[in-house]
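Q: I have a structure I would like to understand better, so I am pasting it below and will then ask my questions one at a time.
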Amino acid sequence: MYKEAKAFIERMYIECDLNKAEMEERLTHIKREIDATGTYTHTQDELTFGAKLAWRNSNRCIGRAHWRSLNVVDARDISSDTQFLSSIESHIKEATNDGNVKPYITIYHPSHPPRIYNNQLIRYTGYEDCGDPMEKRVTQLAQHLGWQGKHSDFDILPLIYQMPGDTIKYYNYPSDLIKEVPIAHPNYPKLAQLGLKWYAVPIISNMDLQIGGITYPTAPFNGWYMVTEIAVRNFTDSYRYNLLPLVAQAFNFNSLKNNTFNKDRALVELNYAVYHSFKANKVSMVDHLTAAKQFETFERTEAKHNREVTGKWSWLAPPLSPTLTSNYHHGYKHAMKDPNFYYKKKESRGCPFH
C-alpha cells in the first residue's frame, strides 16, 4: 500500500507544483499511519486530485478532455440513511443542473461505505416482457423488497441500498428530481407516438474508485451523454431495447433488408432525433464526431506533458460512422494506470439475501 500511496503522492505534488519538503513530510506521515493501522486517510485535496486523475486515466471514456472540471464531493463522514439519501439526491440535482449537466462524483467511506445495488443511480426497469433487459436482476431485487412499478418500458427503478450493518432497502426518488427527455423527430412525427424517452444524466454506481492503494467501493460519478450511447446502444442493441424495427416503421422505411441500407438510415435518423430532443429540452449532450475531436485535443495535451494516453479501442471508436474519427484509425495500449475506476468483481447470481 505504501508503494502505491508514494507513487500517487509524488505524482500529485509534481503535477500540482507543490512543495517537495511538504511532500516528504506527508509521505512520512502516511508511512507511520500504514504501519500503525494497515491503511491511511486521504486529505480532501488528495481525494479531489485522485478522483480527477482517475477520470483522466479511464480507458473507456472518450470525454476525458474535461477531467479537470469534475466536481468532487467528500461524503466519507456519512453514516445514516437520512444523510446518505440526502447526498444521493443532492448529487442527482447538482449534476443535472436543470439540464446544464455537470461532471460529478460523490465518494463515501472506503472501509464501511453504504452499498448501492443499482448499476446507475437512474435506470429503467427490466421486466420479463418489457423495459430494459439489462436491468432484470435489479428489478427482481426491487420487487423482492416489495417495490411495484407501473410495468411500462420506462419505469424508473428505485435506489436499492444498504447501510453498514443494516438490511437492504429501496427508496423511491421524488417525482420532480429526475429529468427525462421525450424523443421526437422534426421530420417524422410518428416517432413521438412510440413514447420513447431517456433520463438526462448517466450516473455510474457499480464501479470501484482506486486512489493510491485505497479502494472506494461506493463512488457514483457522471459526465454527460454522447448521443450514440442512447440512440445506438441503449435503444437498438438486440440485448437492450432492440427498437430498430419499430423505429424504422416510424421513419417509413418498410424494408430492413441489408441491401436497402435502411438499417443504416434508420440508425442515423434516430441519432438525429435523440440529439435534437436533448437540445430542444436544453439538456447537455455531445455528438460522437465532436466527442472524438475533443479526444484528439486531449491526446495532444497529454503528449505535451509527456503522458501516454491509454485506452480501450472498442469504446473510443464510436458505434456510428467510426471511420470518420481519428480514434478508429490507430490503436491504444490498454494498460490500467492508477488512480482509476474498476468494475466490481462478478458476484454470485444467487439471491443477495442468502
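Q: Between residues in region 5-16 that are closer than 13 Å to residue 57 by Cβ and residues that are assigned to a loop (DSSP other than H, G, I, E, B), which pairs lie under 8 Å by C-beta distance while being six or more apart or on different chains?
A: Correct list of pairs: 7/212; 7/338; 8/212; 8/213; 8/338; 8/339.
Q: Continuing with the same structure: Could you list, in sequence order, the residues of region 231-255 that are assigned to a helix (DSSP H, G or I) and either of a type outside the set (Val, Ile, Thr) or under 30 Å from residue 75 (Cα atoms) (or both)?
A: Selection gives 231, 233, 234, 235, 244, 245, 246, 248, 249, 250.
Q: Please count how many residues of region 10-23 are part of a helix (DSSP H, G or I) and out of contact with any helix residue (DSSP H, G or I) (no Cβ under 6 Å at 6 or more places or on another chain).
A: Total meeting the criteria: 7.
Q: If I ask for residues that are within 24 Å of residue 234 (Cβ to Cβ), touching a helix residue (DSSP H, G or I) at 6+ places or on another chain (Cβ under 8 Å) and of a type in the set (A, V, I, L, M, F, W, C), which ones from region 127-174 would you list?
A: 157, 159, 160
Q: I would also like to ask the following. What are the residues in region 326-354 that are at pLDDT 95 or above and either part of a strand (DSSP E or B) or in contact with a Pro (Cβ under 6 Å, 6 or more places away or on another chain) (or both), if any?
A: Within region 326-354, 340, 341, 342 qualify.
Q: Continuing with this model, one more query. Filter region 314-325 down to the residues that are surrounded by 14 or more Cβ atoms within 10 Å (Cβ to Cβ) and over 16 Å from residue 231 (Cα atoms) and list them by number.
A: Of everything in region 314-325, those that are surrounded by 14 or more Cβ atoms within 10 Å (Cβ to Cβ) and over 16 Å from residue 231 (Cα atoms) turn out to be 316, 325.
Q: Related question: Outside any helix (DSSP H, G or I), over 22 Å from the mean Cα position of the chain (by Cα) and among the charged types (D, E, K, R): is that true of residue 176 in this structure?
A: no
Q: Further question: So, of the residues in region 91-134 that are of a type in the set (Gly, Ala, Ser) and within 23 Å of residue 180 (Cα to Cα), which turns out to be surrounded by the most Cβ atoms within 10 Å (Cβ to Cβ)?
A: Across region 91-134, the extreme among qualifying residues is 95.
Q: Restricting to region 253-300, what's the tally of residues that are small (Gly, Ala, Ser) and either closer than 23 Å to residue 61 by Cα or surrounded by fewer than 19 Cβ atoms within 10 Å (Cβ to Cβ) (or both)?
A: 5
Q: Just give me the residues in region 69-90 being crowded, with 19+ Cβ neighbours inside 10 Å, part of a helix (DSSP H, G or I) and either hydroxyl-bearing (Ser, Thr, Tyr) or more than 18 Å from the chain's Cα centre (by Cα) (or both), in sequence order.
A: The one that is crowded, with 19+ Cβ neighbours inside 10 Å, part of a helix (DSSP H, G or I) and either hydroxyl-bearing (Ser, Thr, Tyr) or more than 18 Å from the chain's Cα centre (by Cα) (or both): 84.
Q: May I pose another question? Given the condition out of contact with any strand residue (DSSP E or B) (no Cβ under 9 Å at 6 or more places or on another chain), surrounded by 13 or more Cβ atoms within 10 Å (Cβ to Cβ) and either under 15 Å from residue 187 (Cβ atoms) or not acidic (Asp, Glu) (or both), answer yes or no: does some residue in region 301-308 qualify?
A: yes
Q: Working only within region 271-289, note down all residues that are without any contact (Cβ under 8 Å) to a residue 40 or more places away in the chain and either part of a loop (DSSP other than H, G, I, E, B) or out of contact with any strand residue (DSSP E or B) (no Cβ under 9 Å at 6 or more places or on another chain) (or both).
A: Hit for region 271-289 is 289, nothing else.
Q: Return only the number of the condition from (1) more than 22 Å from residue 315 (Cα to Cα); (2) touching a helix residue (DSSP H, G or I) at 6+ places or on another chain (Cβ under 9 Å) that residue 228 does not satisfy.
A: Condition not satisfied by residue 228: (1).
Q: Is there a residue in region 190-206 that is within 30 Å of residue 57 (Cα to Cα) and either over 20 Å from the mean Cα position of the chain (by Cα) or surrounded by fewer than 18 Cβ atoms within 10 Å (Cβ to Cβ) (or both)?
A: Yes, there is a match, as at least one residue in region 190-206 is within 30 Å of residue 57 (Cα to Cα) and either over 20 Å from the mean Cα position of the chain (by Cα) or surrounded by fewer than 18 Cβ atoms within 10 Å (Cβ to Cβ) (or both).
Q: Filter region 303-325 down to the residues that are under 15 Å from residue 232 (Cβ atoms) and outside any helix (DSSP H, G or I) and list them by number.
A: 317, 318, 319, 320, 321, 325
Q: Tell me yes or no: at least one residue of region 138-149 is under 29 Å from residue 64 (Cβ atoms) and free of Cβ contacts under 8 Å to residues at least 24 places away in the same chain.
A: Yes, region 138-149 contains at least one residue that is under 29 Å from residue 64 (Cβ atoms) and free of Cβ contacts under 8 Å to residues at least 24 places away in the same chain.
Q: Given the condition on the phi > 0 side of the Ramachandran plot and either at pLDDT 95 or above or crowded, with 22+ Cβ neighbours inside 10 Å (or both), answer yes or no: does some residue in region 34-51 qualify?
A: There is at least one residue in region 34-51 that is on the phi > 0 side of the Ramachandran plot and either at pLDDT 95 or above or crowded, with 22+ Cβ neighbours inside 10 Å (or both).
Q: Name every residue in region 163-185 that is farther than 29 Å from residue 110 by Cβ and either among the hydrophobic types (A, V, I, L, M, F, W, C) or at pLDDT 95 or above (or both), in order of residue number.
A: 174, 176, 179, 180, 181, 182, 183, 184, 185, listed by residue number.
Q: Just the residues that are assigned to a loop (DSSP other than H, G, I, E, B), in contact with a Pro (Cβ under 9 Å, 6 or more places away or on another chain) and surrounded by 18 or more Cβ atoms within 10 Å (Cβ to Cβ), please, taken from region 150-168.
A: Answer for region 150-168, where residues must be assigned to a loop (DSSP other than H, G, I, E, B), in contact with a Pro (Cβ under 9 Å, 6 or more places away or on another chain) and surrounded by 18 or more Cβ atoms within 10 Å (Cβ to Cβ): just 163.
The values are calculated or read from the model by the stated rules, or taken from the named source; none is laboratory data. A quick note: this is a predicted structure, and the numbers were derived from the prediction, not measured. Note: ideal-geometry Cβ built from the backbone for every residue, glycine included; neighbour counts use all protein chains shown.
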